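*Asks:* The following block contains the structure, expressed as structure tokens.
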Amino acid sequence: MRKLPLGMSNYEDIVRENRIYVDKTKYIEILEDFPNKTVMFLRPRKFGKTLFTSTLECYYDKNRKDKFDELFKDTYIGKNPTENRNKYCILRFNFSGISTETLETTIKGFREKVDLGINTFVELYGLDFYNNPEQSTEGLLGSLFQAFRFQRKEEKIYVIIDEYDHFANELLGFKTEEFKNLVAKNGKIRKWYEILKEGTETVVDRIFITGVAPVTLDSTTSGFNIASDITKNIIFNDMLGFSKEDVIYLMKELEIPKEKQKELLPVIKTNYDGYVFSTMIRDNIENYKLYNSNMTLYFLYMYQVQNQIPKELVDVNIISDYSKIEAFMDLCQNMNKIEILEKIVAGDLIESSLTEKFNAEIEFGEKELISLLFYLGYLTIKEIGFSKYKFQIPNDVIKEIYSNYFLEYISRKANIVIDSIDTETINKELLLEGKVEKLLDVLKEFLTNLSNRDYARFDEKYVKVIFYSICRMLGTLYVKSELEVGGKYADILLVPKEEIKERYSILIEFKYIKQEDYDRDNEILQHKQEQAKEQIEVYRKSEEIQMLPKLKCYSIVVIKDRIELKEI
């Protein structure tokens, strides 16, 4: 059985070790036929950008001409080679991992990455060139192009830039002034790209750039304004990421039986699928959804190791990303960002137009926030309108990141230490007895400690979002919110992650009553409870609910910080 390429981003290593490879090489041909020779392609983290740039390098590198059959014999492009194969000298830069602690460390890190790319290029192609440490970064690149032009008159360069915006995104989220200093008109980074642009007039024939977000490097008169952004072009929608067919191929290569594949695929889909990047879709948007490739590989690897669905469905490094959401939320000064966060966690659709480029000179508002969350993979396209889009969370893993951040935020507001919550006792009573009282004690503590100002906008949805986030924090349950059951939507369904018959599932219907309404109508509580009971009885008749071996159902009615629990 072949191994997965988990954590590997070097194409040559994957081939030599005979690892399983999801073939994306048909896009080499498509890219070569694209009218513009300079392209930018953006995708969120962990979508295989570095591996794809490595594949391009192996295919176009003139030094690998003798290895072509070895590297590409089993791929689409190996069977359909283009006229430009092994034609170029590859100048490759990777700008990930730059320290953004200060403006000086950022500039220093950028210089080191440029030095590494240039020194590797000089060594690989035997160029007579001196890397002068006294020369500016942009001057160094210009000198390299000049030396190549005179020493290799018949040859051309293919420039590959990976994670071009990595440090810029860090600065945008945490240090906006430094961001402006680097990418604005006279910024050091911008000047370097101006020289790269000049290189296309002499020795640079093609440029391929990857990153996450469209950080502007151009203006009306100068800068890097020659690249075509193909990020949202439908032709390239699944150039990176996995389709459903790709996931099935991986399971087949791992020799997972078909019956087991049918069991695993819905779990993989719920947690890692749902990404839509193209704004050009005019038919069924479901046909264009993609799986996060790295997270899918992680799941399949852990399944191999444990021979069962893993308890931890995602790398801890991905889950901890909520700090980045908080940083980008903090960029919005003139809007109620928490209302947006609440809507996102609640599963509401967020309507907005899409920012094409993040400019250092413009104010960062709601549209920019939603656009950035889209590019980073924290939101995805659900519906395409005439001038605006409706966005939603792509999958369960990203929903957990949001709920972690939301819980952290309201915990600070309520002055509650999350680590002090007795999750062990709560889990024991939930799973083994189907009891929710201890869980509701935590919810009550949050509601009691939140300020009166928060109560002014409390409603059923807000209370439900707090409860949902607390449940997800427990880590032992699948928490399903607004689950479609028989044409209606159940508020909360808690299902144990481990399929043990002795463990309970719990169905909850939430209702909320404003204090003034309760004071005015002494029958409203009973009315809400009866309404919840009727809804639960409908849900119980559905096949999905009847399949749960042990189920307890509750109505929960909240009146300010008072909680009325009733088992149905």
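*Asks:* Identify, among Gln526, Cys553, Ile563, the residue whose Cα sits farthest towards the positive end of the charge dipole of segment 512-564, taking +1 on the Cβ of Lys and Arg and -1 on the Cβ of Asp and Glu, with the dipole about the Cα centre.
*Replies:* Value: Cys553.
*Asks:* Which loop-located trypsin sites (Lys or Arg not before Pro) does segment 357-412 contain, where loop means any DSSP state but H, G, I, E or B and the Cβ has at most 14 other Cβ atoms within 10 Å?
*Replies:* Lys357, Lys388
*Asks:* Under a point-charge model restricted to the Cβ atoms of Lys and Arg (+1) and Asp and Glu (-1), what is the dipole moment magnitude of the chain relative to its Cα centre, in debye to the nearest 20?
*Replies:* My answer is approximately 760 debye.
*Asks:* Treating only the Cβ atoms of Lys and Arg (+1) and Asp and Glu (-1) as charged, compute the dipole magnitude of segment 1-158 about its Cα centre; round to the nearest 20 debye.
*Replies:* Taking the Cα centre of segment 1-158 as origin, the dipole is about 540 debye.
*Asks:* Hey, another quick one. Along segment 462-472, what does the Karplus equation 6.51 cos²θ - 1.76 cosθ + 1.60 (θ = phi - 60°) give for ³J(HN,Hα), rounded to whole Hz, x for Gly and Pro?
*Replies:* 5, 4, 5, 5, 4, 4, 4, 5, 5, 4, 5
*Asks:* Could I ask something else about it? Which loop trypsin sites (Lys or Arg not before Pro) in segment 473-568, with loop taken from DSSP, have no more than 13 other Cβ atoms within 10 angstrom of their Cβ?
*Replies:* For trypsin sites (Lys or Arg not before Pro) across segment 473-568 that sit outside H, G, I, E and B with at most 13 neighbouring Cβ atoms in 10 Å, the list reads Lys501, Lys541.
*Asks:* Count charges around Ile285 for me, please; just the other residues with Cβ under 9 Å from its Cβ, Lys/Arg as +1, Asp/Glu as -1.
*Replies:* Surrounding charge for Ile285 is -1.
*Asks:* Going by alpha carbons, how many degrees (0 to 90, nearest 10) lie between the helix axis of 423-433 and the longest principal axis of the chain?
*Replies:* Roughly 60 degrees between the two axes.
*Asks:* Additional query: Of Thr120, Phe93, Gly142, whose Cα points farthest to the positive end of the dipole of segment 37-150 (charges on the beta-carbon: +1 Lys, Arg; -1 Asp, Glu; origin at the Cα centre)?
*Replies:* Going by the charge dipole, the pick is Phe93.
*Asks:* Another question, then. Taking amide H positions as placed in the peptide plane 1.01 Å from N, state which residues far from Asn86 in sequence (5 or more) or on other chains have amide H under 5 Å from it.
*Replies:* Long-range HN contacts for Asn86: Tyr60, Asp61.
*Asks:* Can you pull the percent of segment 1-154's accessible area that's carbon plus sulfur, 1.4 Å probe, other chains left in place?
*Replies:* Carbon and sulfur: 44 percent of the exposed surface of segment 1-154.
*Asks:* Nearest 10 degrees is fine. How inclined is helix 244-253 to the longest principal axis of the chain, computing both from alpha carbons?
*Replies:* Helix 244-253 sits at roughly 80 degrees to that axis.
*Asks:* Further, regarding this structure: Report the charge-dipole magnitude of segment 434-568 in Debye, nearest 20, computed about the Cα centre from +1 at each Lys and Arg Cβ and -1 at each Asp and Glu Cβ.
*Replies:* With only Lys, Arg, Asp and Glu charged at Cβ, the dipole is about 320 debye.
*Asks:* Checking the a/c ratio against 1.5 first, then a/b against b/c, what shape does the Cα gyration tensor give for the chain?
*Replies:* Cα axes put the chain in the prolate bin.
*Asks:* May I ask which residue of Thr448, Tyr402, Gly475 lies farthest towards the positive end of the charge dipole of segment 371-528, with charges of +1 (Lys, Arg) and -1 (Asp, Glu) on Cβ and the Cα centre as origin?
*Replies:* Of the listed residues, the answer is Tyr402.
*Asks:* I would also like to ask the following. Over the chain, what relative contact order in percent results from Cα pairs under 8 Å that are six or more residues apart?
*Replies:* Relative contact order for the chain comes out at 11 percent.
*Asks:* Okay, moving on. Taking the Cα centroid of segment 468-490 and of segment 1-37, what is the distance between the two, rounded to the nearest whole Å?
*Replies:* With segment 468-490 and segment 1-37 each reduced to a Cα centre, they are spaced 38 Å.
The values are calculated or read from the model by the stated rules, or taken from the named source; none is laboratory data. Predicted model only: the values in this text are computed from it and were never measured. Please note: Cβ atoms are built from the backbone with ideal geometry, for glycine as well, and neighbour counts cover all protein chains shown. Please note that ligands, DNA and RNA were not included when accessible areas were found on the heavy atoms of the full protein model with its side chains. Shrake-Rupley method; radii C 1.70, N 1.55, O 1.52, S 1.80 Å.
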